[in-house]
Ligand SMILES: NC(=O)c1ccc[n+]([C@@H]2O[C@H](COP(=O)([O-])OP(=O)(O)OC[C@H]3O[C@@H](n4cnc5c(N)ncnc54)[C@H](OP(=O)(O)O)[C@@H]3O)[C@@H](O)[C@H]2O)c1
């Protein structure tokens, strides 16, 4: 199949490109962080989106592209809306014009975090600006005139060039000997990015449509997850300080009892979803092999979690 990945320079997008390239014809875009073989594209520029999608006429358009920092979204709702809603709407309109299937990446932040982990059939009730905008896009996709997959995921970790996912941010800070405060009351289901992308590939190749929760099987709070990260990478667990979300002073409301149930996807694909220990061990092997991912060349850039 001919595939276009909008946001192939990001964490999930880069693993999508790696996973899909072996058996599909893949074009990927970047926005502000150039990577070899990717094409620059701003999805908020309607004409550019129309031109690229029109010329390429892909069978599938994957949209991991976003401004996913929930704290920045909370402080700049207009910018969040411009990138995360209007930008994606541009891509959806262009997809409809060429009748491409759309694969959109969403989040457990569309839930309120009262009764997680959540199933696909549970009622969304987002509390943060980021969550509200992601849910608005989901609702638009449900009305789309093309086949679609909405992939909801959460707490995604991996070796990553930009070094801004929660686990990479933690590793980089612990390596410098910094103490790191993490919330003990934010519960979720951490997800290993390459594993997520293998499952997404299988869903596409099986011709599946609709909403799927794709996440790791282990339910744990951020403090427990952080201890597992430190243990796997041989870093100081004593530097990790458990605090409440209130003490942390994050601006955007978090779904405290979050996380995603994965019964639906597990019943339909053969790729098993990796637990935290297995995923972190694999991430360590990747970092040992390609250590540049740990040296954050964008060290001044915020992490996606604002830690
Ligand atoms: N990471 C998580 O824990 C998590 C959890 C749940 C859901 N998600 C969702 O999964 C998706 C991918 O997350 P991620 O962790 O891979 O994020 P990421 O690493 O920050 O990647 C975001 C991508 O979007 C691109 N982008 C930003 N602004 C753009 C614009 N105006 N036009 C076109 N592309 C633009 C970035 O390009 P440059 O890098 O070149 O600037 C980058 O390739 C997001 O939709 C997010 O909401 C993520």
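In the stretch 154-186, which residues are in a strand (DSSP E or B) and surrounded by 22 or more Cβ atoms within 10 Å (Cβ to Cβ)?
Narrowing the stretch 154-186 to residues in a strand (DSSP E or B): 156-157, 180-183.
Hits for the stretch 154-186 are 156, 157, 182, 183.
Considering only the stretch 77-101, state which residues are away from the ligand (no atom under 13 Å from the Cβ) and closer than 18 Å to residue 56 by Cα.
92, 93, 95, 96, 97, 98, 99, 100, 101
Here's a check for you: in the stretch 122-148, which residue that is in contact with a strand residue (DSSP E or B) (Cβ under 9 Å, 6 or more places away or on another chain) and away from the ligand (no atom under 13 Å from the Cβ) is farthest from residue 200 (Cα to Cα)?
Result: 124.
Take the stretch 43-71 and flag every residue that is within 15 Å of residue 106 (Cβ to Cβ) and near the ligand (Cβ under 8 Å from one of its atoms).
63, 64, 65, 66, 67, 68
Check whether at least one residue in the stretch 134-153 is part of a helix (DSSP H, G or I) and within 13 Å of the chain's Cα centre (by Cα), and report yes or no. Walk me through it before giving the result.
Taking the stretch 134-153 as the starting set, the residues that turn out to be part of a helix (DSSP H, G or I) are 134-142.
Going one step further and asking which of them are within 13 Å of the chain's Cα centre (by Cα), we end up with 134.
Checked the stretch 134-153: at least one residue is part of a helix (DSSP H, G or I) and within 13 Å of the chain's Cα centre (by Cα).
So residue 34 ticks every box in (1) more than 30 Å from residue 189 (Cα to Cα); (2) within 11 Å of the ligand (Cβ to nearest atom); (3) in contact with a helix residue (DSSP H, G or I) (Cβ under 9 Å, 6 or more places away or on another chain) but one. Which box is left unticked?
With respect to (1) more than 30 Å from residue 189 (Cα to Cα); (2) within 11 Å of the ligand (Cβ to nearest atom); (3) in contact with a helix residue (DSSP H, G or I) (Cβ under 9 Å, 6 or more places away or on another chain), residue 34 is out only on (3).
Identify, from the list 281, 267, the residue that is free of Cβ contacts under 8 Å to residues at least 12 places away in the same chain and closer than 28 Å to residue 201 by Cα.
That would be 267, the only listed residue that is free of Cβ contacts under 8 Å to residues at least 12 places away in the same chain and closer than 28 Å to residue 201 by Cα.
Please enumerate the residues belonging to the stretch 1-21 that are surrounded by fewer than 21 Cβ atoms within 10 Å (Cβ to Cβ) and under 22 Å from residue 192 (Cβ atoms). Reasoning before the result, please.
Let us first name the residues in the stretch 1-21 that are surrounded by fewer than 21 Cβ atoms within 10 Å (Cβ to Cβ), namely 1-2, 18, 21.
Once the filter is applied, which keeps residues that are surrounded by fewer than 21 Cβ atoms within 10 Å (Cβ to Cβ) and under 22 Å from residue 192 (Cβ atoms), the stretch 1-21 yields 18, 21.
Which one of 74, 40 is more than 25 Å from residue 261 (Cβ to Cβ) and either away from the ligand (no atom under 12 Å from the Cβ) or in contact with a helix residue (DSSP H, G or I) (Cβ under 6 Å, 6 or more places away or on another chain) (or both)?
74
Specify the residue that is surrounded by the most Cβ atoms within 10 Å (Cβ to Cβ); the eligible residues are those in the stretch 22-41 that are free of Cβ contacts under 8 Å to residues at least 24 places away in the same chain and within 19 Å of the chain's Cα centre (by Cα).
30
Bear in mind that the values in this text are calculations on the coordinates, not laboratory data. All values reported here derive from a predicted model rather than from experimental measurement. Cβ sites come from the backbone with ideal geometry, for glycine too, and all protein chains shown count toward neighbours.
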